[in-house]
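Peer 1: This is the structure I want to talk about, given as C-alpha cells.
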Amino acid sequence: MAVEPCTYVFFGATGNLSRLRLMPALYRLDAGNHLPPGSRVLAIGRRPWDQAKWRSEAKTMIEANLGADFDDAAFQRFSQRLHYHRGDITDAECFSTLAETLKQTDQFPQNLAFYLSISPSEFGPVLDALNQYQLFAENYGWRRVVVEKPFGYDLESANVLQKRIGRYLNEEQIYRIDHYLGKGTVQNILVFRFANVMLEPIWNRNYIDHVQITHSEQIGIGERGEYYDGAGAMRDMLQSHLLQMFTLVAMEPPVCMEAESLRDEKVKVLKAVRPITKESVHSHAFRAQYAKGRINGDLVNGYLQEPNIPANSVTETYAALKLYVDNWRWRGVPFYLRTGKRLEKAQSAISICFKHPPLEFFRDTRMQCLNPNWVLLGIQPEECLRIEMTIKEPGLEMNTRISSLEASFRQKDEKAVDAYEDLLLDVLLGDRSLFLRFDEVEYAWRIVDPILQRWADERDYIATYPAGSWGPEGCRRLFDKESQSWRSSLLPEECKFNADYD
Ligand code: BG6
C-alpha cells in the first residue's frame, strides 16, 4: 500500500518512552524502508537544544538501545528527518510557533500525527492548545492523535478526557495506544485461536478449568516514582495490557480482522465480565507492595525506599484479579490475572489449564502422574506456544511423563519487531485495529473501578512481598480450588498426583 508522507510530532520526545522505545522504533522503520519518503519527525522539548543537538541526542538514545544492530549510515539517513521544536507545553507560545513551523510545507508534510507521550494530566491542555492554533484542521492533509495510556485515571476521568478529545477529533482520528497489541506474540493469540480449527471445540467451559495471565518484572519503579505512586500496578498494567490479553483469549471469533469487528468482540467480552462489587473486592482482587529483597543476588530497596515515594504510601506494585465471564462460552471458568514489579523473574505468559481426564481409566495402574493439559503462550521474553500432553514413559511400567508440542513463534534467524514499530506504522497507514476504541477503555475501567475505590479507602495496610519472590502468599485466596495455583514456569511442571478431579 502506498503510504503518504507525514510529519510525526512528538510531545514528550526527550522522555523515557521516547528514548527507550519510540525513537529506536522509528529508526528501525526507516532502516527497513517503511517510512514514506519525505516523512519528518518533529520533537517538542523544553530543553535549549538546536537541531544538531537533538540529532546527536537521538543518536545516543538509539545507539544505546540497539547496540550491535545500530548502523551509522542508516542513522545518517534517518537523522535528516529529525527536527526539534523548543517550547514549553504549558506556554501558548509553544503552540503558536509550532503552527508557524508546520506551515513550512517544503519542510513538513501536511499529514500530521501528534503523539502524546506526556503525563495524563497534560493531555487535555495540549489538545486544547492544538485546537486553538487550528492544528487539527484537515484542510491540507489528515490529522491523527496518538494517546498513550493510561487513558484517564478511572472511569470518570476517562469519560471527561473522552469528551474533551471528542470536541476536536472524530473517532477515526484517535489512536489510543496499548503497546501490548503491537507485540507479535500477542497478535499470535488471534492467529492461534482462529486459524487452527481443532482449538475452537475445546476453547470453552467444557474443557478449560481456568486461565492465568501473568506479567512479572524484575525491575522496580526506577525513576518513575512520581507517576507510579499515583497509578499503581492495577492502573499501570492490569487495566490496560492484561485486560487486553484477556480479551484476545476470551473473545468470540470476529467476522474479520478489520478494526471494528475485532473491537466489537473485545468489548462484548469486557461487558460480559461479572461486575465486582465493592463488597466482593477481597475475594476477587489482591494487592501488595515490594519490600527489600534480592534480585539476582543483589540487594534492592523496598518500594517505600524508592525515590519520590511517600513513607506511608499504600500504592500496590503487585495486583492480582479473578474474573468470571458470564457468557455461554465461559460461565464458571475463572480467569486469574496478576502483575508485579520486583518479582523473581521477568515474564509475560498466558497459561491455560484444561480439565482433568476421567480417572476411572487409570484406576488399576501405577500411574502417578496425571497433570492436566496446559496450553502455554509465552509472550516475552520467551516467545513460545506449547501444548503439554501426558505420554507414556518407555519401559515395562505404565508410567507417564509430560511432553510438549511446540509451535515456536519465531525461528532463530527471524528478527524481532518491536511493538512500537508496528503501531507507529499503523498510525501512518490509518489502521486502527490494534488501537483501542473508547468503549474498550470504558468497560476496562468499569471492571477495575470498584476495586480501585475500595483500595483507595483502605489506607492503613498493604501486604508486602520480598523483592525477588513470586509475590505475596496471601494471594492464594483468590483461587477457587485447592488444585489451582499460580504457574510461573513455561517448562513442564513436576508431575502431581491430584485426586481433586472435579
Ligand atoms: C508500561 C508500564 O506500559 O509497560 C510499565 O507503564 C511496564 O510499568 C511496561 O514496565 C511493560 O512493557 P513491556 O513491553 O516491557 O512488557
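Peer 1: List every residue pair whose Cβ atoms sit under 8 Å apart, with the two residues 6 or more apart in sequence or on different chains, where the first one lies in region 399-428 and is within 30 Å of L116 (Cα to Cα) and the second, anywhere, is surrounded by fewer than 19 Cβ atoms within 10 Å (Cβ to Cβ) and among the acidic types (D, E).
Peer 2: L428/E4
Peer 1: Checking the structure you have, find out if any residue of region 313-330 is touching a residue at least 24 places away in the same chain (Cβ under 8 Å) and more than 30 Å from V211 (Cβ to Cβ).
Peer 2: yes
Peer 1: Identify all residues within region 184-205 that are more than 13 Å from the ligand (Cβ to nearest atom), buried (at least 18 other Cβ atoms within 10 Å of the Cβ) and of a type in the set (V, I, T); write none if there are none.
Peer 2: Of everything in region 184-205, just one residue is more than 13 Å from the ligand (Cβ to nearest atom), buried (at least 18 other Cβ atoms within 10 Å of the Cβ) and of a type in the set (V, I, T), namely I189.
Peer 1: So the check is Cβ under 6 Å with 6+ separation or different chains; which pairs have a first residue in region 170-183 that's basic (K, R) and a second one that's in a loop (DSSP other than H, G, I, E, B)?
Peer 2: Matching pairs, first to second residue: R176/F151; R176/F435.
Peer 1: Right, something else. What's the total number of residues in region 184-204 that are touching a residue at least 40 places away in the same chain (Cβ under 8 Å) and farther than 20 Å from I447 by Cβ?
Peer 2: The total comes to 12.
Peer 1: In this structure, is D128 in contact with an Asp or Glu (Cβ under 7 Å, 6 or more places away or on another chain), under 28 Å from Y227 (Cα atoms) and away from the ligand (no atom under 16 Å from the Cβ)?
Peer 2: no
Peer 1: Something else about it: Please name all residue pairs, on different chains or six or more residues apart, with Cβ atoms under 7 Å, provided the first residue is in region 483-500 and is at pLDDT 70 or above and the second residue is surrounded by fewer than 12 Cβ atoms within 10 Å (Cβ to Cβ).
Peer 2: Note: pairs meeting the criteria are S483/D500.
Peer 1: Just to verify a result, which residue in region 235-252, among those that are within 12 Å of the ligand (Cβ to nearest atom) and of a type outside the set (D, E, K, R), is nearest to N301 (Cα to Cα)?
Peer 2: Once the filter is applied, the top-ranked residue is M237.
Peer 1: Another question, if that's okay. Of everything in region 1-27, what is touching a Ser or Thr at 6+ places or on another chain (Cβ under 8 Å) and polar (S, T, N, Q)? Give them in sequence order.
Peer 2: T7, S18 - these are the residues of region 1-27 that are touching a Ser or Thr at 6+ places or on another chain (Cβ under 8 Å) and polar (S, T, N, Q).
Peer 1: From K183, K149, which residue is under 24 Å from Q380 (Cα atoms), at pLDDT below 95 and not small (G, A, S)?
Peer 2: K149
Peer 1: Identify the residue in region 1-31 that is more than 17 Å from R86 (Cα to Cα) and over 25 Å from the mean Cα position of the chain (by Cα) and, among all such residues, is nearest to the ligand (Cβ to nearest atom).
Peer 2: The selected residue is A31.
Peer 1: Report yes if Y180 is hydroxyl-bearing (S, T, Y) and either closer than 20 Å to Y336 by Cα or surrounded by fewer than 18 Cβ atoms within 10 Å (Cβ to Cβ) (or both), otherwise no.
Peer 2: Considered against the rule, which asks whether it is hydroxyl-bearing (S, T, Y) and either closer than 20 Å to Y336 by Cα or surrounded by fewer than 18 Cβ atoms within 10 Å (Cβ to Cβ) (or both), Y180 comes out as yes.
Peer 1: Which of the numbered conditions does E260 fail, given that it passes all the others? Conditions: (1) at pLDDT 95 or above; (2) away from the ligand (no atom under 16 Å from the Cβ).
Peer 2: With (1) at pLDDT 95 or above; (2) away from the ligand (no atom under 16 Å from the Cβ) applied to E260, the lone miss is (1).
Peer 1: Restricting attention to region 159-183, report how many residues are within 16 Å of the ligand (Cβ to nearest atom) and either of a type in the set (D, E, K, R) or in contact with an Asp or Glu (Cβ under 7 Å, 6 or more places away or on another chain) (or both).
Peer 2: Result for region 159-183: 5.
Peer 1: Cβ-Cβ distance below 6 Å, separation of 6 or more or different chains: which pairs start in region 267-280 with a residue that is closer than 13 Å to K322 by Cα and end on one that is surrounded by 14 or more Cβ atoms within 10 Å (Cβ to Cβ) and of a type in the set (A, V, I, L, M, F, W, C)?
Peer 2: Sorted first by the residue in region 267-280, then by its partner, the pairs are V273/L323; V273/V325; V273/I447.
Peer 1: Given the condition at pLDDT below 95, within 22 Å of V427 (Cα to Cα) and surrounded by fewer than 16 Cβ atoms within 10 Å (Cβ to Cβ), answer yes or no: does some residue in region 106-117 qualify?
Peer 2: yes
Peer 1: Return the residues of region 206-222 that are over 25 Å from F409 (Cβ atoms) and away from the ligand (no atom under 12 Å from the Cβ); say none if nothing qualifies.
Peer 2: Passing the criteria: only N206.
Peer 1: Can you tell me which residues in region 412-431 are closer than 16 Å to G184 by Cα, surrounded by 18 or more Cβ atoms within 10 Å (Cβ to Cβ) and not acidic (D, E)?
Peer 2: Those that are closer than 16 Å to G184 by Cα, surrounded by 18 or more Cβ atoms within 10 Å (Cβ to Cβ) and not acidic (D, E): A419, Y420, L423, L424, L425.
Peer 1: Going residue by residue through region 451-461, is there one that turns out to be buried (at least 22 other Cβ atoms within 10 Å of the Cβ) and within 16 Å of the ligand (Cβ to nearest atom)?
Peer 2: Within region 451-461, none of the residues are buried (at least 22 other Cβ atoms within 10 Å of the Cβ) and within 16 Å of the ligand (Cβ to nearest atom).
Peer 1: Here are some residues: G222, G232, G302. Which one is on the phi > 0 side of the Ramachandran plot and at pLDDT 95 or above?
Peer 2: That would be G232, the only listed residue that is on the phi > 0 side of the Ramachandran plot and at pLDDT 95 or above.
Peer 1: State which residue is farthest from the chain's Cα centre (by Cα) when the search covers only region 321-350 and only residues that are aliphatic (A, V, I, L, M) and within 16 Å of the ligand (Cβ to nearest atom).
Peer 2: In this case the residue turns out to be L343.
Peer 1: So, one more: Testing F361 on (1) modelled with pLDDT of 95 or more; (2) assigned to a helix (DSSP H, G or I), one condition comes back false. Which one is that?
Peer 2: Of everything listed in (1) modelled with pLDDT of 95 or more; (2) assigned to a helix (DSSP H, G or I), F361 misses just condition (1).
Peer 1: Only helices (runs of 4 or more DSSP H) wholly contained in region 135-239 count here; list those with 3 or more residues that are within 30 Å of K481 (Cβ to Cβ) and out of contact with any helix residue (DSSP H, G or I) (no Cβ under 9 Å at 6 or more places or on another chain).
Peer 2: 184-194
Peer 1: From S56, S39, grab the single residue that is surrounded by fewer than 18 Cβ atoms within 10 Å (Cβ to Cβ) and within 31 Å of the chain's Cα centre (by Cα).
Peer 2: When all the criteria are applied, what remains is S56.
Peer 1: So K392 fits all but one of (1) within 22 Å of K266 (Cα to Cα); (2) touching a strand residue (DSSP E or B) at 6+ places or on another chain (Cβ under 9 Å); what number is the exception?
Peer 2: Failing condition for K392: (1).
The values are calculated or read from the model by the stated rules, or taken from the named source; none is laboratory data. Predicted, not measured: the structure shown is a model, and the values here were computed from it. Note that each Cβ is placed from the backbone with ideal geometry, even for glycine, and that neighbours are counted across all protein chains shown.
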